[in-house]
Amino acid sequence: VPTADARFVRALADVVGDAHVATDPEITRGYCVDWTGRYVGASPAVVRPSSTAEVAAVIGICREHGVAVVAQGGNTGLVGGGVPLVGELVLSLTRMASVANVDLVAGQVTAQAGSTIAQVQAAAGASSSGLTYAVDLASRASATVGGTIATNAGGLRVVRFGDTRAQLLGIEAVLGDGSVVSHLGGLPRDNTGYDLAGLLAGSEGTLGIVTAARLRLVPVQPFRTTALLGFTSAFTAIDAVVGLRRTAPSIEALELFFRSGLELVCEMAGLQPPLASLPDAYLLVESSGPADPTDELSSAVSALVGVTDAAVTSDGPRRRALWQYRELHTEAISRVGIPHKLDVAIPLRALADFLVEVPHVVASVAPEARVFLFGHAADGNVHVNITGIPVDDLAVDDAVLRSVAERGGSISAEHGIGSAKRKWLHLNRSAAELAAMIAIKRALDPDGILNPNVLLSPVVPRGTVAPRGW
Ligand code: 2HG
Ligand code: ZN
């Protein structure tokens, strides 16, 4: 465990108060390991500021002392992007969790970085506003606004509402040079130069620390119907994805999983399989609207070829029961062992081929591995989860990510690059693109203190001594 310099800790405590700087390894340990257990690091201290001004002061102290810093929200990230892997200070945003200014006229809300997605959804929907936050994901009770912006999280409703970046109307952040940028007016049309909110979305804590955001809200859809469809193969399932997207505009979620993952979920949660038969491939489809979407969804489903079995319901508890089969995948897989998680996107026309091929790609490198595939089918986003291989054996990751890139896919669809995929970023980004990213990094974080182990290969700061932890 890196020991914290006493003067450094004193300076932090002078800003946030003694109670909000922890150096005791018993306390800091939980901040140093990611949700999967695959990424374990160490930190000299965890600091918990309560305001943007305090975050700026902490960044100033880090610059002065040459200490790198990693911002952390709910610590639900899956790519080692929010934990201190090279001895960084942890800056936890959890005390900054207020959600304010629900504006019913504009349909917007301002949320501090440490508020959870569930808190934003609850605040948006309070006093029967008829509004909600469009981003939704299984980790909603822990994942925070700041973390979901830093990763540009996708989640379950991207097909209808877009990703986190698409909800951002403005941002407040402390940049790596300690300056505060605040643009929270929320004008839906505002072409006054570079879009800093859009730039910080997906920047993984490498350019600035998001402290608050102005978020777009969407109308709550009062009617909702969920269908679980079974298919004999990935090919018919993906054909159905294409068909449904074209014929059912009420679709809000279109999720994919397979029998192996379903069986694991059933075993862990003590559930019965959802359909009478046990098909190999499944689509979970949810439609919503101001009027009952059941007819639209049912007729779209009946036009599909290859559906072997289906359950359709608009009853709340039964809908939630169907969702369990999808949402419990992550937890069920984690019980098998520490997984390698490859969150990839494939162009829809190449998706079925990829789904069939990927177990062979894995088996050719690691015959003992188990592969679980699931994800957000409408966006071509597949979560390739692999168990049964050592945590630090990257041969399988390499083979799968190369096959993704060869198919024109993305090596990170929604979880980010983090430290997990940094060495493969060049598969997706040209030398010119990487150079532009590095130029931006140097401009906004001149000392290179922000999350130096993430996204880009270490960017040597201009004319300065590399911060500790590099
Ligand atoms: C999901 O879609 C999350 O449930 C987690 O993105 C995916 O566990 C995973 O690989
Ligand atoms: Zn996902």
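Only one residue in 334, 419, 412 is outside any loop (DSSP other than H, G, I, E, B), hydroxyl-bearing (Ser, Thr, Tyr) and closer than 21 Å to residue 151 by Cβ, so which one is that?
334
In this structure, is residue 90 modelled with pLDDT of 95 or more, within 15 Å of residue 29 (Cα to Cα) and surrounded by fewer than 20 Cβ atoms within 10 Å (Cβ to Cβ)?
No, not satisfied.
If you go through segment 4-47 one residue at a time, how many are touching a residue at least 24 places away in the same chain (Cβ under 8 Å), of a type in the set (D, E, K, R) and assigned to a loop (DSSP other than H, G, I, E, B)?
Count: 3.
Every residue in segment 387-412 that is within 16 Å of ligand 2 (Cβ to nearest atom) and buried (at least 22 other Cβ atoms within 10 Å of the Cβ), please.
404, 409, 411, 412
I'm trying to understand the selection: among the residues of segment 341-353, which are closer than 19 Å to residue 77 by Cα and more than 10 Å from ligand 1 (Cβ to nearest atom)?
Those that are closer than 19 Å to residue 77 by Cα and more than 10 Å from ligand 1 (Cβ to nearest atom): 344, 345.
Could you tell me which of the residues 68, 97, 134, 106 is over 26 Å from residue 42 (Cα atoms), in contact with a helix residue (DSSP H, G or I) (Cβ under 9 Å, 6 or more places away or on another chain) and not β-branched (Val, Ile, Thr)?
134
Of the numbered conditions (1) open to solvent by 10 Å² or more (accessible area, probe 1.4 Å); (2) touching a helix residue (DSSP H, G or I) at 6+ places or on another chain (Cβ under 8 Å); (3) not in a strand (DSSP E or B), residue 206 fails exactly one; give the number of that condition.
Of everything listed in (1) open to solvent by 10 Å² or more (accessible area, probe 1.4 Å); (2) touching a helix residue (DSSP H, G or I) at 6+ places or on another chain (Cβ under 8 Å); (3) not in a strand (DSSP E or B), residue 206 misses just condition (1).
Looking at 303, 276, which one is of a type in the set (Gly, Ala, Ser), at pLDDT below 95 and surrounded by fewer than 17 Cβ atoms within 10 Å (Cβ to Cβ)?
The conditions single out 276.
Taking only pairs six or more apart or across chains, which ones have beta-carbon atoms under 6 Å, a first residue in segment 409-432 that is touching a residue at least 12 places away in the same chain (Cβ under 8 Å) and on the phi > 0 side of the Ramachandran plot, and a second residue that is away from ligand 1 (no atom under 16 Å from the Cβ) and assigned to a loop (DSSP other than H, G, I, E, B)?
Between residues of segment 409-432 that are touching a residue at least 12 places away in the same chain (Cβ under 8 Å) and on the phi > 0 side of the Ramachandran plot and residues that are away from ligand 1 (no atom under 16 Å from the Cβ) and assigned to a loop (DSSP other than H, G, I, E, B), the close pairs are 418/454.
Which of the helices (runs of 4 or more DSSP H) contained wholly in segment 92-177 include at least 2 residues that are within 15 Å of ligand 2 (Cβ to nearest atom) and under 15 Å from the mean Cα position of the chain (by Cα)?
In segment 92-177, 145-150 are the helices (runs of 4 or more DSSP H) which contain 2 or more residues that are within 15 Å of ligand 2 (Cβ to nearest atom) and under 15 Å from the mean Cα position of the chain (by Cα).
Do we find that residue 371 is open to solvent by 20 Å² or more (accessible area, probe 1.4 Å), among the aliphatic types (A, V, I, L, M) and more than 16 Å from ligand 1 (Cβ to nearest atom) in this structure?
So residue 371 does not fit the description; no.
If you check every pair at least six apart or on different chains, which have Cβ atoms under 7 Å apart with a residue in segment 380-397 that is at negative phi and at pLDDT 95 or above first and a residue that is basic (Lys, Arg) and within 16 Å of ligand 2 (Cβ to nearest atom) second?
383/341; 385/341
Determine whether residue 385 is closer than 19 Å to residue 35 by Cα and in contact with a Lys or Arg (Cβ under 7 Å, 6 or more places away or on another chain).
yes
If I filter segment 339-346 for residues that are open to solvent by 10 Å² or more (accessible area, probe 1.4 Å) and within 16 Å of ligand 2 (Cβ to nearest atom), do I get at least one hit?
yes
Among the listed residues 422, 429, identify the single one that is open to solvent by 50 Å² or more (accessible area, probe 1.4 Å) and touching a Leu at 6+ places or on another chain (Cβ under 8 Å).
422 is the lone residue from the list that is open to solvent by 50 Å² or more (accessible area, probe 1.4 Å) and touching a Leu at 6+ places or on another chain (Cβ under 8 Å).
Please enumerate the residues belonging to segment 396-409 that are in a loop (DSSP other than H, G, I, E, B) and either within 15 Å of ligand 1 (Cβ to nearest atom) or within 21 Å of the chain's Cα centre (by Cα) (or both).
409
Would you confirm, using the coordinates I've provided, whether residue 364 is within 11 Å of ligand 1 (Cβ to nearest atom) and among the hydroxyl-bearing types (Ser, Thr, Tyr)?
Against the criterion (within 11 Å of ligand 1 (Cβ to nearest atom) and among the hydroxyl-bearing types (Ser, Thr, Tyr)), residue 364 does not qualify.
Would a scan of segment 63-75 turn up a residue that is open to solvent by less than 10 Å² (accessible area, probe 1.4 Å) and part of a loop (DSSP other than H, G, I, E, B)?
For segment 63-75, residues open to solvent by less than 10 Å² (accessible area, probe 1.4 Å) and part of a loop (DSSP other than H, G, I, E, B): present.
Going through segment 76-86 one residue at a time, which ones are away from ligand 2 (no atom under 16 Å from the Cβ) and open to solvent by less than 20 Å² (accessible area, probe 1.4 Å)?
80, 83, 84
Which pairs have Cβ atoms under 7 Å, sit 6 or more apart or on different chains, and link a residue in segment 338-358 that is assigned to a loop (DSSP other than H, G, I, E, B) to one that is among the hydrophobic types (A, V, I, L, M, F, W, C) and loosely packed, with under 15 Cβ neighbours inside 10 Å?
These pairs meet every condition: 338/391.
Look through segment 313-331, keep the residues that are within 28 Å of residue 422 (Cβ to Cβ) and either buried (at least 17 other Cβ atoms within 10 Å of the Cβ) or small (Gly, Ala, Ser) (or both), and return whichever of them is nearest to ligand 1 (Cβ to nearest atom).
That would be 330.
Given 162, 107, 114, 170, which one is under 21 Å from residue 289 (Cα atoms), open to solvent by less than 30 Å² (accessible area, probe 1.4 Å) and free of Cβ contacts under 8 Å to residues at least 60 places away in the same chain?
162
The values are calculated or read from the model by the stated rules, or taken from the named source; none is laboratory data. For clarity, every value in this text was computed on a predicted model and none was experimentally measured. Every residue, glycine among them, receives a Cβ derived from its backbone with ideal geometry; neighbour counts consider all protein chains shown. SASA here: full protein model, heavy atoms, side chains in, ligands and nucleic acids out. Shrake-Rupley method; radii C 1.70, N 1.55, O 1.52, S 1.80 Å.
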